[in-house]
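Worksheet for the structure shown next.
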Amino acid sequence: MDKLFIITLLGLLILANGVAENMVSDNFAILEELESFEIDEENDIAFGAVGDGISDDTQAFVKAWDTACATPEAVFLVPSDRHYLVNATRFKGPCEDRLVIQIDGTIVAPDEPKNWDPDHDRQWLEFSKLNGVVFQGNGVIDGSGSKWWASSCKTNKTNPCRGAPSALTIDSSSSVNVKGLTIKNSQQMHFVISKSASVRVSQDCKIGTGDDCISIVNGSSGIKMKRIYCGPGHGVSIGSLGKDSSTGIVTKVVLDTAFIRETTNGVRIKTWQGGNGYVRGVRFENVRMENVDNPIIIDQFYCDSPKSCQNQTSAVKISEIMYRNISGTTNSEKAMRFACSDSVPCSNIILSNVNLEMEDSTVETYCNSAEGFGYGIVHPSADCLNSHDKDYSSFDQTELSQHYILNEETEIDELPDSYSDHIVHSEL
């Protein structure tokens, strides 16, 4: 009989093929299997995790990962009702087929920045070179970031500016599905997707308290996020891209159905002056904002630095960006900001059924070198978008969407190897 392996942090459980999938997704078909399966004691391996939130369980995670990664159809299980203290770790693939990472417990980062491993200064939990992997569960990834933020120059300008880790990073991977997880208290970014294709983030992922809830950075394509709860924090971002004259490429990104609450930004694209490359084929839709400072923002003058940034003419090109069915409340009179490069303007920005309000004040849209148009309800008005296109007011909405935004079913193009640069992070 074929066997399926559930690799837990306490040991190795071997079940008849198919049981693990039922355990995570089918409560009805499991009963008979649970009553009859047997455990092969010869293959029962103890990994030594304690799960008390105090003992260091890093090596247990590494050993369990090595076993799960090398085992076809394995489930890497983080058991519920336990807290696992894990230091900065890189979980590397490629792995055998159909790996499931089932996080039901809580993974906790060390809370003292002074003791952080300098070899992992920008990552906490990094997963790389994976294909066809599923991350799921009702567990929590807790970055214990309060001391990082207390010593940040963003919260206190007298503090020195320095880098900080991202809580969860998926790098150089493809066909990855992330669903159901909660990520909180990040040291800086909550969730970074880099140099990856065909990533789905869905089914009630909850992300809050820290920097960007989700940050999609260089070399990523075919990213779909659905049913995301974000806040507090810095919102959902593409970028930053183009720092230090680097090339940044992000294509085919969809955020569909999100609730963004009490964040500094809602949906944002941010690039540095002097960069190269492009962002195109992006759709933000069905998003509800609540008390968001900058609900819709494109910033090609991004400068996350204690020093002012020098004006430069080259820039990452931004085009084919759609905002559809977005509503809610803002804390800023400029509810929409399109701050684009004079030398590399933004083009084909499309707004449809956008309604943003501010209590006891009127709102407006700011544009600089931004071209596009709106149709349906657009409030505040986006007449400042300079469009060289013909009048689209009478076009069918579906036709417009398909004309400008690549359909999510479109196959993902291979990204050139030349763009597999190291992740460029912003500073705390």
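The values are calculated or read from the model by the stated rules, or taken from the named source; none is laboratory data. Quick caveat: nothing in here was measured; it's all calculated off a predicted structure. Positions of Cβ are generated from backbone atoms using ideal geometry, with glycine treated the same way; all protein chains shown enter the neighbour counts. In case anyone asks, the SASA skips ligands and DNA or RNA and just uses the protein heavy atoms, side chains included. Shrake-Rupley method; radii C 1.70, N 1.55, O 1.52, S 1.80 Å.
A compact table of results
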item: From the options M1, M23, residue that is part of a loop (DSSP other than H, G, I, E, B) and at pLDDT below 60; result: M1
item: Matching residues in segment 136-153 - criterion: being surrounded by fewer than 18 Cβ atoms within 10 Å (Cβ to Cβ) and assigned to a loop (DSSP other than H, G, I, E, B); result: N138, S151, C153
item: First in segment 358-384 and in contact (Cβ under 8 Å) with a residue 60 or more places away in the chain and among the polar types (S, T, N, Q), second anywhere and exposed (fewer than 14 other Cβ atoms within 10 Å of the Cβ) and assigned to a strand (DSSP E or B), Cβ under 8 Å, 6 or more apart; result: none
item: Residue in segment 242-250 that is without any contact (Cβ under 8 Å) to a residue 60 or more places away in the chain and either open to solvent by less than 10 Å² (accessible area, probe 1.4 Å) or of a type in the set (K, R) (or both) present; result: yes
item: Scan of segment 343-357 for residues that are outside any loop (DSSP other than H, G, I, E, B) and surrounded by fewer than 18 Cβ atoms within 10 Å (Cβ to Cβ), ordered by number; result: N355, E357
item: Among residues of segment 122-135, those that are part of a loop (DSSP other than H, G, I, E, B) and modelled with pLDDT of 95 or more, counted; result: 4
item: Hey, I297 buried (at least 17 other Cβ atoms within 10 Å of the Cβ), among the β-branched types (V, I, T) and assigned to a strand (DSSP E or B) or not; result: yes
item: The listed residue being assigned to a strand (DSSP E or B), touching a strand residue (DSSP E or B) at 6+ places or on another chain (Cβ under 6 Å) and crowded, with 21+ Cβ neighbours inside 10 Å, out of R280, R268, R288; result: R268
item: Yes/no for S221 being among the small types (G, A, S), open to solvent by less than 20 Å² (accessible area, probe 1.4 Å) and more than 10 Å from the chain's Cα centre (by Cα); result: yes
item: Lone qualifier among R82, R90, R122 - being under 24 Å from S186 (Cα atoms), of a type in the set (K, R) and open to solvent by less than 70 Å² (accessible area, probe 1.4 Å); result: R122
item: Enumeration of residues in segment 217-243 that are of a type in the set (D, E, K, R) and over 19 Å from I298 (Cα atoms); result: K224, K226, R227
item: Criterion (more than 23 Å from S221 (Cα to Cα) and in contact with a strand residue (DSSP E or B) (Cβ under 9 Å, 6 or more places away or on another chain)) met by exactly one of S319, S327, S314, S305; result: S327
